[in-house]
1. Which of the residues that make up the range 122-136 are within 14 Å of Ser173 (Cα to Cα) and more than 7 Å from the ligand (Cβ to nearest atom)?
2. Write out, first by first residue and then by second, each pair whose Cβ atoms fall under 8 Å of each other, whose residues are 6+ apart or on separate chains, and whose first residue, in the range 190-202, is part of a loop (DSSP other than H, G, I, E, B) while the second is within 12 Å of the ligand (Cβ to nearest atom).
3. Can you tell me which residue among Gly126, Gly137 is within 21 Å of Val65 (Cα to Cα), crowded, with 21+ Cβ neighbours inside 10 Å and not aromatic (Phe, Trp, Tyr)?
4. For the subset of the range 38-69 comprising residues that are surrounded by 14 or more Cβ atoms within 10 Å (Cβ to Cβ) and hydroxyl-bearing (Ser, Thr, Tyr), which member is farthest from the ligand (Cβ to nearest atom)?
5. Of everything in the range 137-151, what is under 19 Å from Gln216 (Cα atoms) and within 14 Å of the ligand (Cβ to nearest atom)? Give them in sequence order.
6. Looking at (1) away from the ligand (no atom under 14 Å from the Cβ); (2) more than 26 Å from Asp76 (Cβ to Cβ); (3) open to solvent by 50 Å² or more (accessible area, probe 1.4 Å), which is the one condition that is false for Glu228?
7. Return the pair list, or none, for Cβ contacts closer than 6 Å from residues in the range 159-178 that are closer than 13 Å to Thr138 by Cβ to residues that are within 11 Å of the ligand (Cβ to nearest atom) and of a type in the set (Ser, Thr, Tyr), at least 6 apart or on different chains.
8. How many of the residues in the range 170-192 are within 14 Å of the ligand (Cβ to nearest atom), farther than 17 Å from Thr35 by Cβ and open to solvent by 40 Å² or more (accessible area, probe 1.4 Å)?
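The values are calculated or read from the model by the stated rules, or taken from the named source; none is laboratory data. Remember, predicted model here, so these are calculated numbers, not experimental data. Cβ placement follows ideal geometry from the backbone for every residue including glycine, while neighbour counts extend to all protein chains displayed. SASA here: full protein model, heavy atoms, side chains in, ligands and nucleic acids out. Shrake-Rupley method; radii C 1.70, N 1.55, O 1.52, S 1.80 Å.
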Amino acid sequence: MKVIRVQNQVEGGEIAFTLLKESLTKGAKTLGLATGSTPITFYQEIVNSKLDFSDITSINLDEYVALPIENPQSYDFFMKEHLFNHKKFKKNYLPNGLAKDLDKEIAAYNQIIAENPIDFQILGIGRNGHIGFNEPGTSFDMKTHLVDLEKSTIEANSRFFASIDDVPNQAISMGIASIMESKMIVLLAFGKEKAAAIKGMITGPVTEDLPASILQKHDNVVVIVDNEAASELE
Ligand code: GLP
């Protein structure tokens, strides 16, 4: 893993965008996208650029189950607000957490990923080391699947909801196996609450107890961290 230290989230977004531009120059056609506060500055760079994305497909990592897409906390809403309403893509895919038949939706999402191999995957990281919504203990072999969210994740995400009871307790997430198939992965982390997860991911054993640690086995990963997120590294 290549680690790049930055002063702040704005600089982190700029560097991630520079890496994206390099990938696009080399012919990248499909982007894997993430939600959460972490990639927002990266999306601002895309929005503020004059780059044409009309030939680019995006596939998002995850979506809550049973949360209407009009809800500002849905990932569909988030992606429109921060990126898709401002930059036209060829096609934007997110899991449909409102599907009546979730098994069918999951199979269809795996098909979408198979037909659109991801060239450039952007990732944030949860405090417990989750990526997408792959919580600790998730098999590294999983493709898209239904997830029961951990209490710590529900608590962390409750800051965006009126009350903790409003946070969905399930999500559909792309699995680790799909994430690992991306040609290039750029993981961003900012703030001291990510420091332990970053340390474990980079220097700890590769273990399903810390899902992001699997990235040690990928040959094209760039980790962009601010000083706080890097504070537990040597
Ligand atoms: C959620 C998302 C993850 C994200 C994580 C961290 O659980 N499913 O994709 O990386 O939160 O969020 P934040 O970037 O707001 O710290």
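1. Once the filter is applied, which keeps residues that are within 14 Å of Ser173 (Cα to Cα) and more than 7 Å from the ligand (Cβ to nearest atom), the range 122-136 yields Asn134, Glu135, Pro136.
2. Phe190/Gln9; Phe190/Gly12; Phe190/Thr38; Phe190/Ala229; Gly191/Ala229
3. Sole residue among the options that is within 21 Å of Val65 (Cα to Cα), crowded, with 21+ Cβ neighbours inside 10 Å and not aromatic (Phe, Trp, Tyr): Gly126.
4. Among those that are surrounded by 14 or more Cβ atoms within 10 Å (Cβ to Cβ) and hydroxyl-bearing (Ser, Thr, Tyr), it is Thr57.
5. Thr138
6. For Glu228, the failing item is (1).
7. Going by the 6 Å Cβ cut-off, the qualifying pairs are Ala171/Tyr64.
8. 1
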